[in-house]
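Notes follow the structure.
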Amino acid sequence: MKIIITEDYEELSAKAAEIMLAVVKNNPYAVLGLATGTTPLGLYGKMIEDFKANGTSYKNMTCVNLDEYVGLDKNHTQSYAYFMRKNLFDWLDINPEHTHIENGVAADAEEECRRYDSLLKKHRQDIQLLGLGSNGHIAFNEPGTAFGLGTHLVKLAPSTVRDNARLFDSEKDVPLSAFTVGPANIMNAKKILILASGAKKAEAVYGAVRGTVTESLPASILQRHGDCTLIADRQAAALL
Ligand code: GLP
């Protein structure tokens, strides 16, 4: 795994943008695997700036997202579908029909997981962006998730519900389950870029990079990927 340690969040976002934009500018038909959470927001801001300044076109690109809360439809303001539109897609020239995410209100969860797996098979990620949960989760793959899993339904860890409560009016509004792509879908990406910022992520960063590869710390699987870059700011990298 390639490790880049930056002074602060601003520099982390700038370095992430260099890597993401290299993929984007190299291939107008690129498939971008994207992530939610607050960590990628700086990077998304830089992609939007680049689009405004240089007109880099996304019209032939495809975006596939990692996960979605169960029970929230795509217009719910706390859904990840809404988050992606407001923070990135609405600012670019991407065709909304080329942006994909699990349907949080799918009637048949099993069928929805299979639909998403086949979609990912058709659209293999040229780059997969990831954030990191403070418990070492990637997407919503919580500790204990089998590395071989594809898209599946997950019950969120109590620590994840607590971490994500800051984005809801109250903790009781946080959905308790979600659809997520599995470790196998993530590992299938040609390139992986994982971002971690702040002291709360330091232990998870250490485990992901230096720890044993174990299902107890999902991000540790990334050590087995041939082209994975971790960018961490000084606080998140404190234990390395
Ligand atoms: C959620 C998302 C993850 C994300 C994590 C970290 O749980 N499902 O994909 O990596 O939050 O979020 P943040 O970047 O806000 O710390």
Take the range 190-212 and flag every residue that is farther than 29 Å from Leu120 by Cα and assigned to a helix (DSSP H, G or I). Ala199, Lys200, Ala202, Glu203, Tyr206, Arg210
Counting only residues that are assigned to a loop (DSSP other than H, G, I, E, B) and within 15 Å of the ligand (Cβ to nearest atom), which one in the range 72-83 is surrounded by the fewest Cβ atoms within 10 Å (Cβ to Cβ)? Gln78
For Tyr80, only one of the following conditions fails: (1) under 14 Å from the mean Cα position of the chain (by Cα); (2) among the aromatic types (Phe, Trp, Tyr); (3) over 29 Å from Val161 (Cα atoms). What is its number? (3)
Within the range 130-158, residues over 22 Å from Asn103 (Cβ atoms) and near the ligand (Cβ under 10 Å from one of its atoms) come out as Leu132, Gly133, Ser134, Asn135, Ala157
Go through the range 114-167 and report how many residues are surrounded by fewer than 21 Cβ atoms within 10 Å (Cβ to Cβ) and of a type in the set (A, V, I, L, M, F, W, C). 9
Could you list all residues from the range 175-194 that are in contact with an Asp or Glu (Cβ under 9 Å, 6 or more places away or on another chain) and surrounded by 22 or more Cβ atoms within 10 Å (Cβ to Cβ)? Ala178, Phe179, Thr180, Val181, Gly182, Pro183, Asn185, Ala189, Ile192
I'd like to check something: does the range 53-63 contain any residue that is within 16 Å of the ligand (Cβ to nearest atom), more than 27 Å from Lys200 (Cβ to Cβ) and either out of contact with any Gly (no Cβ under 8 Å at 6 or more places or on another chain) or at pLDDT 95 or above (or both)? yes
Do we find that Lys172 is surrounded by fewer than 20 Cβ atoms within 10 Å (Cβ to Cβ), modelled with pLDDT under 95, more than 14 Å from the ligand (Cβ to nearest atom) and basic (Lys, Arg) in this structure? yes
Among the residues of the range 49-63, are any part of a strand (DSSP E or B), touching a helix residue (DSSP H, G or I) at 6+ places or on another chain (Cβ under 8 Å), of a type in the set (S, T, N, Q) and in contact (Cβ under 8 Å) with a residue 24 or more places away in the chain? yes
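The values are calculated or read from the model by the stated rules, or taken from the named source; none is laboratory data. Values in this document were obtained by computation on a predicted structure and should not be read as measured data. A quick note on method: Cβ atoms are made from the backbone with ideal geometry, for glycine too, and the neighbour counts reach across all protein chains shown.
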